[in-house]
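Worksheet: the structure to be examined is printed underneath.
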Amino acid sequence: AARLSGGENRLVSLPLSRIRVIMKSSPEVSSINQDALFLTAKATELFVQYLATYSYKHGRGKEKNALTYSDLSHTAEECETFQFLADILPKKILASKYLKMLEKEKRDGEVGEGDEDEEEDEAVED
């Protein structure tokens, strides 16, 4: 396989040096072939392009003529193909709404624990 020349580097937009650093951060990787580096960069670009296009087409981007974070997070949550990104692209919520959710979970957890004790008591009585 031919080595990448300066002209071939222009075929990818992502910085190859950064991709190399990310790839080397894996303990299983000891060395990286130039071709593997180039293909990883190109595959990443194509994936990001596909994610953006899909999110734009299936989100509100067409209405606003823009791709928003909400479009991306909705895609990650709703589309099975992109669900592995749900933790990386969570839906944004207001801090006040999040605090209310935590409070509700705490209350539900306390009620749930009491219910379990009652069920255990009933089981012992039988």
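The values are calculated or read from the model by the stated rules, or taken from the named source; none is laboratory data. Note that the structure is predicted; figures quoted are calculated from it, not measured. Using ideal geometry, Cβ is built from the backbone for each residue, glycine included, and neighbour counts are taken over all protein chains shown. Side chains included, ligands, DNA and RNA excluded: accessible areas come from the protein's heavy atoms. Shrake-Rupley method; radii C 1.70, N 1.55, O 1.52, S 1.80 Å.
So here's what we get for this one:
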{"item": "Subset of the range 41-62 [open to solvent by less than 40 Å² (accessible area, probe 1.4 Å) and not polar (S, T, N, Q)]", "result": "ALA41, GLU45, LEU51, ALA52, GLY59, GLY61"}
{"item": "Only one of MET23, MET101 that is loosely packed, with under 12 Cβ neighbours inside 10 Å and part of a helix (DSSP H, G or I)", "result": "MET101"}
{"item": "Count of the range 68-87 residues which are in a loop (DSSP other than H, G, I, E, B) and closer than 15 Å to SER55 by Cα", "result": "3"}
